[in-house]
Amino acid sequence: MAHPKRKHSRARRDKKRTHIKISDPALSLCPSCGQPKAPHHVCDKCGVYKGKQYVEIKEKKPKK
């Protein structure tokens with residue numbers, strides 16, 4: 001099995017890892033309320049998916 005003869009420098013190691021990074025999550029706009037949501041998921045704000053109401057969202061009362 002092959003082994004490196006010398007240690008790779010930090011710069012060389014980091015150059016190899018430049019493409020490994022976290023990407024932004026994919027978001028689409030909800031057609032009913034216009035809020036950003038994950039594609040193919042029920043909207044967290046209004047509970048609608050593909051024009052149908054699937055989840056009933058209760059409004060929170062503000063604290064006094």
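May I ask for the net charge around S32, where only other residues with Cβ less than 11 Å from the Cβ of S32 are counted and Lys, Arg are +1 while Asp, Glu are -1?
+4
Can you return the lysines within cross-link range of K5? Criterion is Cα-Cα under 20 Å, with same-chain partners fewer than 8 residues away left out.
Filter leaves K15, K16.
Can you sort C30, C43 so the residue with the fewest Cβ neighbours within 10 Å comes first?
In order of increasing Cβ crowding within 10 Å: C30, C43.
Does a label point 7 Å from the Cα of H41, set along Cα-to-beta-carbon, have any residues of the range 9-24 with amide nitrogen under 19 Å, and which are they?
Hits in the range 9-24 for H41 at 19 Å: 22-24.
Using θ = phi - 60° and the Karplus relation 6.51 cos²θ - 1.76 cosθ + 1.60, list the HN-Hα couplings for the range 21-37 in order, rounded to whole Hz, with x at every Gly or Pro.
7, 7, 9, 5, x, 6, 10, 10, 8, 6, x, 8, 10, x, 7, x, 8
Determine the dipole magnitude for the chain: charges of +1 sit on the beta-carbon of Lys and Arg, -1 on that of Asp and Glu, nothing else is charged, the reference point is the Cα centre, and the result goes in debye to the nearest 20.
Charge dipole of the chain: 780 debye, to the nearest 20.
In what sequence do S9, S32 fall when counting other Cβ within 10 Å, fewest first?
S9, S32
Springs between alpha-carbon atoms under 10 Å, Gaussian network over the chain: tell me which of K21, K50, K37 tops the mean-square fluctuations.
K21
Could you tell me the relative contact order of the chain? Use alpha-carbon pairs under 8 Å, at least six residues apart, and round to a whole percent.
In percent, rounded to a whole number, it is 15.
Enumerate the whole-percent occupancy of each 10 Å bin, from 0 to the last occupied one, for all C-alpha pair distances of the chain.
Reading the bins upward from 0: 17, 25, 16, 13, 14, 13, 3.
Laboratory data are not the source of any read-out in this text; all were calculated from the coordinates shown. Here the structure is a predicted model, which is why all the values come from computation and not from measurement. Here the Cβ is made from the backbone with ideal geometry for all residues, glycine too, and neighbour counts use every protein chain on show.
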